[in-house]
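As structure tokens, the structure follows; a few thoughts come after it.
The values are calculated or read from the model by the stated rules, or taken from the named source; none is laboratory data. Just so it is clear, the structure is predicted and the values come from calculations on it, not from any experiment. Here Cβ is always computed from backbone atoms with ideal geometry, including for glycine, and neighbour counts include all displayed protein chains. Areas reflect the complete protein model, heavy atoms only, side chains present, ligands, DNA and RNA absent. Shrake-Rupley method; radii C 1.70, N 1.55, O 1.52, S 1.80 Å.
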Amino acid sequence: MSNSAGLRAEAAKLISEVVHHGKSLSDNLSQVQAAMEREADRRLLGALVYGSLRWYSRMDGLLSSFLGRPVPRKQQVLNSLMVCGLYEQHYLSTPDHAVVSETVTAARMLGHPRAAGMVNAILRRSQREGAKVLLELDQQPALRHAHPSWLLERIRQDWPACWEDILSANNLQAPFWLRVNLQQGSRADYAGILETECGRSATLPAAFPAALVLDQGMDVERLPGFDSGRVSVQDGAAQLAGSCLEPRAGERVLDACAAPGNKTAHLFEMAGGTLDLLALDHSSERLERLRKNLLRTGYRAQVLEADASAPDSWWDGRPFDKILLDAPCSATGVIRRHPDIKWLRRGDDIPVLAGLQAKMIRALWPLLARGGRLVYTTCSVLREENERVVSDFLACNDDVEELNLPVLQDVASRMQYGYQILPGDSAADGFYYVALIKR
Ligand SMILES: C[S@@+](CC[C@H](N)C(=O)[O-])C[C@H]1O[C@@H](n2cnc3c(N)ncnc32)[C@H](O)[C@@H]1O
């Protein structure tokens, strides 16, 4: 049996888990990759799964135009396999004959030997006619940009001048960003280490004080100093949340939605390691990852499993100097990193999320000391979760004032309230930030 056909069969199963069973991708993919010996195989699997999910609806449109009738429910994995084959044919440089033969073999390996002829016929037809059919299908924006219609409409409504740029950026592979712990040496020094030890070159983007952007990805465990917290993997936009909060040594800080703790560790790094920090999250599973992150980076925080929107049940009455509210959100700013979001999120989720975000700000505001700062941030590009939440809050509270954030001035757009980075701006993820001061 062909090993690379086996890889395509695995890809089809992973894609089908997302598209047909609503499962999120990253944990499942990591598990399968962990069992693979060769880095090249791990990379190819990642490329096939991510790429197919990015372009699923466009490739599925192509597939439908070739199929007489839909693939039966019991054989849904074949649908994902053919989408994966079409994706490989139209987007990757694999020779045509290899795509056909590996995908046909994969259909057999998935337990559908009688479908081999159909898979073969579809891929061969696509070789001949695919480009022409796609030209027609691309008249429909939802297929051209491979986004669900509800999300495309929301983005078009919120960003009428640049909605297509956002959708295009969502379909590009994100660069590999690192955050260097400046307590342990400069980023220029670390870039030098990467060059000599790993043969990787990095750029040092001026607007992101601790960031390096690598020319290509690599296994995280191979990053020099990763185990001792010298470096972490974190997009530049996420790094700016810490810059907006500006934690200072000795301050009492609440990280209200903290897990898995990427920003928690950054706050400690920025404050020289000494903060009186409460890291709170309602997910015990994600808090486990936060604990591991703190262990790796060597910082000590109070960790609490609790509901940020109901502080009566956990707050000891001591005010916080700073609060970071990295709120649960639609994650529509990070689709380039998590293309499964296109499948997992529904239009109905947005008002529910906005309601929770508003409840959290309202509940946490009384915990802030006078003169203290609350930073509200999301990785969403939807106004309902960002400016609207903030403007509603400002309208009902007179002890609050918005703070200008010069640190964002070169990278984010100034909104009526807060700042927005759109996906791909400065090579970063889409993020929203606002800093509120208690008068
Ligand atoms: C955007 S993520 C936080 C990412 C984290 N700040 C980091 O940088 O690693 C949002 C988090 O909010 C948590 N969350 C959702 N609802 C919550 C609630 N009611 N109370 C506390 N945490 C909640 C989720 O479990 C999730 O970990």
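Rounded to the nearest Å, what's the spacing between the alpha carbon centres of the range 61-83 and the range 95-160? Just the number, please.
Value for the Cα centre distance between the two parts: 9 Å.
Using +1 at the C-beta of Lys and Arg and -1 at the C-beta of Asp and Glu, which of Ser283, Ala435, Ala395 has the Cα lying farthest in the positive direction of the dipole of the range 236-438?
The Cα lying farthest towards the positive end belongs to Ser283.
Gap in Å between the Cα centre of the range 224-263 and the Cα centre of the range 285-312?
13
Please work out the average accessible area per residue across the chain, using the 1.4 Å probe convention, and give it in Å². It would help to have the intermediate numbers written out before the result.
Details: 19210 Å² over 439 residues.
Heavy-atom accessible area per residue stands at 44 Å².
Label-point separation (nm) for Gln409 and Ser228, each offset 7 Å from Cα along Cα-to-Cβ?
The modelled label-to-label distance comes out at 3.8 nm.
If you roll a 1.4 Å probe over the chain with all protein chains in place, what percent of the accessible area is carbon or sulfur? Intermediate results must be reported in sequence, preceding the final value.
Numbers: 9400 of 19210 Å².
C and S fraction of accessible area: 49 percent.
How about Lys132: which lysines have a C-alpha closer than 25 Å to its C-alpha, ignoring those fewer than 8 places off in the same chain?
none
Which entries in the list Lys292/Lys322; Lys263/Lys292; Lys13/Lys292; Lys23/Lys359; Lys23/Lys74; Lys292/Lys342 go over 21 Å, if you measure between the two C-alpha atoms of each? Could the numbers behind the result be given before it?
Details: Lys292/Lys322 24 Å; Lys263/Lys292 14 Å; Lys13/Lys292 30 Å; Lys23/Lys359 28 Å; Lys23/Lys74 17 Å; Lys292/Lys342 29 Å.
From the list (Lys292/Lys322; Lys263/Lys292; Lys13/Lys292; Lys23/Lys359; Lys23/Lys74; Lys292/Lys342), the Cα-Cα distance tops 21 Å for Lys292/Lys322; Lys13/Lys292; Lys23/Lys359; Lys292/Lys342.
Over the chain, what is the relative contact order in percent, taking alpha-carbon pairs closer than 8 angstrom and at least six residues apart? If you can, show how the numbers build up before the last one.
On the way: 765 pairs, mean separation 58.1, N = 439.
This gives 13 percent for the chain.
Can you show me the helix-derived [θ] at 222 nm for the chain, built from DSSP H runs with n ≥ 4 at -39,500 (n - 2.57) apiece and divided by the number of residues, rounded to the nearest 500. Don't jump to the answer; show the numbers that get you there.
On the way: 17 runs with 205 residues, N = 439.
Calculated at 222 nm, the ellipticity per residue is -14500 deg cm²/dmol.
What dipole magnitude, in Debye to the nearest 20, does the chain give about its Cα centre under +1 on Lys/Arg Cβ and -1 on Asp/Glu Cβ?
On the way: 50 positive and 53 negative charges, 226 e Å.
It works out to roughly 1080 debye.
Compute the acute angle (0 to 90°) between the alpha-carbon long axis of helix 76-91 and the principal axis of greatest extent of the alpha-carbon atoms of the chain; round to the nearest 10°.
Value to nearest ten degrees: 90.
Can you bin every Cα-Cα distance in the chain into 10 Å intervals starting at zero and give me the percent of pairs per bin, rounded to whole numbers?
4, 20, 28, 24, 15, 7, 1, 0
What nm value, rounded to one decimal, do you get for the distance between Arg128 and Leu295 when each label is placed 7 Å out toward the C-beta?
5.9
Tell me the relative contact order for the range 146-231 as a rounded percent, counting alpha carbon contacts under 8 Å between residues six or more apart.
27
Once Lys and Arg get +1 and Asp and Glu get -1 on their Cβ, which of Pro209, Ser186, Val233 lies farthest toward the positive end of the dipole of the range 176-233?
Projecting each Cα onto the dipole axis, the largest value belongs to Pro209.
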